[in-house]
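Just below is one structure, and these are the notes that go with it.
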Amino acid sequence: MDPAELLAAYEQMAVIRRTEKAAHDLFLQGLVKGTTHLAAGHEAIAVGASAALRPDDYVFATYRGHHHAMARGATPEECLAELMSRATGLCKAKGGSMHLTKAATGMLGSYAIVGAHLPMAAGAAWSARLRGTEQIAVAFFGDGATNIGAFHEALNLAAVWKLPVLFVCENNLYMEYTPIADVTAVPRPAADRAPAYGIPGEVVDGNDVVAVQEAVARFAGRARAGDGPALLEAETYRHFGHSRADPATYRPAEEVERWLKRDPLDLARGRLVAMGVSQAVVSEADDRATAVVQKAVEAAKAGPAPDPREALSDVWADGGAAWRT
Amino acid sequence: MADVISYREAVAEGIAREMRRDPTVVCLGEDIGEAGGVFKTTVGLRKEFGPERVWDTPISEQAIVGAAMGAAMTGMRPVAEIMFSDFLACCWDYLANEIPKVRYMTGGQVTVPLVVRTANGGGLGFGAQHSQATENWAFTIPGLKIAAPATPADVIGMMAAAIRSDDPVVFFEHKALLATKGATPPPDHVVELGRAAVVRAGADVTLVALASMVPVALKAADVLAREGIEAEVVDLRCLVPLDMSTVLASLGRTSRLVTVEENPYQGGWGATVVSVVADEGFALLDAPVRRVAGECVPLPFADALEEEVIPTVDKVVAAVRGLAAY
């Protein structure tokens, strides 16, 4: 990344971080119902990967997918309005935090059954190949998904069909509440499995947006050239617990402290300064991010509630929900 | 094309007709390519359309249906085969949680035009894990259309409608019907999903049946006719959309109702048909309703045991006799 690209990536991460903080605060105010799975700490993976993708590439994410939705074109206002059950939400308030989707920009959904979307990403990549578009598909998933059957089925299918798909594991060390290391037979839950499918596997610093961008660009180029899938394991850490219900007290204080010192925003800021970008310029990016999110919060709050009749729309392609003729 | 075609051949013919007219139609599944399918329902497709349209998969039901979903979301019209309908349980997440919900939970952003084909039902002595009639599994889920043709012409016509549908369709091909034969329908024969057919007219009782139970109901009607009882037989063809107007119209003519379903009585689709009749057509009835259905046991192996469990002509005849005398 050159300084301008890195500054843009930094600002995007700052917007995502502030949106996550807003989601957290709005939950405490009773304005966000259900639950949220915040991705604060994971921003560099979504932003770094997106910087390496074409606008028409496909992305599939998990229930912890706010950062992917925003990195792939959803605005903070659309996301927050969805979380606040407004008709102006990204999914008309029918999806909620766990299902943020913006199909128009290739963000093909956030899926809340762990690991379910990996075969879908393989299918989107298959479709791209059949249509000859040179698009690729990316599935972002957590470390916990690596022990799901669909993970293995998707990897094998993608490998034997040589599909243009990247599997990107966000390894934040915890499978919900349990350390992934306690329940997995190999130390690297994703990368160590790659040899079993005859595909490249690599570990990358998931808190370093530049490292993620470079790794994804390399594997995306390979996939686009027809050389098949790859498995990237990005090491990162959650700033919050698994979900709103989880204060994450099971994590050793020393471990939390060590990881918070490697905040992806701080790392990017350090890189920018080292490249000669002034602190003032970085601070301006922070200020713009703050303003964008403040405006988004106010706009989302002002959005109307959904019309209750909308509950009976959108099951079928004709827009309705009728099960009888 | 021959004048007569088997149900088995009709499956491949129905798919081939759509593959010829629409290049986005592709097939995937276990053994469907060179082997032509374990039931020989995809014979000739690989030869005509090549390996870029007809894909053999590993034994990975989640990958098959999940990949079909991803392809359907991005511009293709995949036709996925799950060999035996019992194996739908291996990819149940996709059928229950992913495919039918994604359109709704994205606020209508995504359409999933795919067909999951599968060989359904008993009668061939395949034992408990290869013989179930599982259409009710799908019937519990909002967002799936359910087709279950009973004749070769309907296989072709409903396959066309299913593949052209912008909604996901689970297409149940009945194993016990694969060898049956019927007239080859003309080119561009399409049977709209959600249109039941009155396949035999009668004034005394309405038999509502699906798939393999349609010929059972027709044979029962022949037996009953010799006793002076005229049964009208309605082939539902689809469970979603469910054509209750044809059922209610038939009841208006007969005033007596028997549902004939292969699946277990407990939770069977007949219960839904009967409940709609009770809600909306109670005044049409002159007698209680009867449901002839499978027993609530795993399908046994031996013919004699299987026959004990699945509805037969004799069981249908007995149910109607009792009702006619009411």
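Values in this text are rule-based calculations from the coordinates and carry no lab data. Being a predicted model, the structure only gives us computed values, none of them experimental. No Cβ is skipped: glycine too gets one built from the backbone with ideal geometry, and neighbour counts run over all protein chains shown.
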Difference of contour (0.36 nm per residue) and Cα-Cα distance, A:ALA274 to A:ARG262: 2.7 nm
Exposure proxy ranking, count of Cβ atoms within 10 Å, fewest first, for A:LYS94, A:LYS261, A:LYS21: A:LYS261, A:LYS21, A:LYS94
Those GluC sites (Glu not before Pro) in the stretch B:1-95 that DSSP places in a loop and that have at most 15 other beta carbons within 10 Å: B:GLU34, B:GLU52
Furthest towards positive pole of dipole, A:GLY319, A:PRO306, A:THR290, structure part the stretch A:232-322, Cβ charges: A:THR290
Cα long-axis angle, helix B:7-21 against chain B (0 to 90 degrees, to the nearest 10): 50
Chain lengthening between B:ALA325 and B:ALA203 when straightened (0.36 nm per residue, less Cα-Cα): 42.5 nm
Cα coordinate range in chain B, projected on the principal axes (Å, largest first): 60, 44, 39
A:ALA185-B:VAL38 pseudo-label distance in nm [points 7 Å out on the Cα-to-Cβ vector]: 2.6
Volume per residue of the C-alpha convex hull in chain A, rounded to whole Å³: 142
Separation between Cα centres of the stretch B:223-300 and the stretch A:189-263, rounded to whole Å: 56
Packing-based ranking, highest mean first, of A:251-260, A:145-154, B:281-290 given that Cβ atoms within 10 Å are counted: A:145-154, B:281-290, A:251-260
Kirkwood-Stokes translational diffusion coefficient of the stretch B:148-199, alpha-carbon pairs, 25 °C, 0.890 mPa s, µm²/s: 212
Rg over Rh [alpha-carbon atoms, Kirkwood Rh] for the stretch A:236-325: 1.21
Max mean-square fluctuation residue, GNM over chain B, Cα-Cα springs under 10 Å, options B:LYS47, B:LYS315, B:LYS181: B:LYS47
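Please state the charge dipole magnitude for the stretch A:1-66, taken about the Cα centre, from unit charges on C-beta atoms (+1 on K and R, -1 on D and E), reported in debye and rounded to the nearest 20.
Using only the charged Cβ atoms, the result is roughly 360 debye.
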Principal axis dimensions, largest first and in whole angstrom, of the stretch B:53-102 by Cα: 29, 27, 13
Within 10 Å of each Cβ in B:49-55, the average number of Cβ atoms from other chains: 1
Entries of A:LYS261/A:LYS301; B:LYS40/B:LYS181; B:LYS101/B:LYS175 with Cα pairs more than 26 Å apart: A:LYS261/A:LYS301; B:LYS101/B:LYS175
Per-residue mean of C-beta atoms belonging to partner chains within 10 Å, peptide B:84-96: 2
Prolate/oblate/rounded call for the stretch B:6-149, Cα gyration tensor, a/c under 1.5 rounded: oblate
Anisotropy class of the stretch A:142-214 from Cα gyration tensor, a/c 1.5 cut: oblate
Among B:ASP188, B:ASP279, B:ASP22: highest mean-square fluctuation, GNM of chain B, C-alpha pairs under 10 Å: B:ASP279
Residue-averaged beta-carbon neighbours from other chains (10 angstrom radius) around B:236-244: 2
Where the Cα pairs of the stretch B:168-259 fall when distances are cut into 5 Å bins, in %: 3, 13, 21, 23, 19, 13, 6, 1, 0
Whether the stretch A:77-149 is rounded, prolate or oblate, judged on the alpha carbon gyration tensor where a/c under 1.5 counts as rounded: oblate
Straight-distance crosslink candidates among lysines, where the alpha carbon sits under 22 Å from A:LYS295 and sequence neighbours closer than 8 are dropped: A:LYS21, A:LYS33, A:LYS92, A:LYS102
C-alpha center-to-center spacing [the stretch B:50-88, the stretch A:1-45] in angstrom: 36
Listed residues A:LEU166, A:LEU83, A:LEU157, most fluctuating in chain A (Gaussian network, C-alpha, under 10 Å): A:LEU157
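Computed FRET efficiency, Cβ-Cβ of A:ARG131 and B:PHE282, R0 56 Å: what is it to the nearest 0.05?
0.60
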Where only alpha carbons of the protein assembly as shown are counted, the Rg and the Dmax (Å): 27.7, 98
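Rounding to the nearest 20 debye, state how big the charge dipole of the protein assembly as shown is about its Cα centre with +1 on each Lys and Arg Cβ and -1 on each Asp and Glu Cβ.
780
Which three semi-axes in whole Å describe the equivalent ellipsoid of the stretch B:83-148, each the square root of 5 times a Cα gyration tensor eigenvalue, listed largest first?
Its equivalent ellipsoid spans semi-axes of 27, 10, 9 Å.
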Cα-based convex hull volume of the stretch B:133-290 per residue, rounded to whole Å³: 114
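Tell me, Kirkwood radius of the stretch A:29-168 from alpha-carbon pair distances, in Å?
15.1
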Length-normalised contact order of chain B in % [C-alpha pairs under 8 Å, at least 6 apart]: 16
Amide N proximity, the stretch A:143-170 versus A:ALA196 label position 7 Å along Cα-to-Cβ, cut-off under 11 Å: A:146-153, A:155-156
Projected area, mean over directions - the stretch A:113-250, Cα convex hull, nm²: 8.2
Dipole axis of the protein assembly as shown (+1 Lys, Arg; -1 Asp, Glu on Cβ), positive-most option in A:LEU155, B:GLY228, A:ASN172: B:GLY228
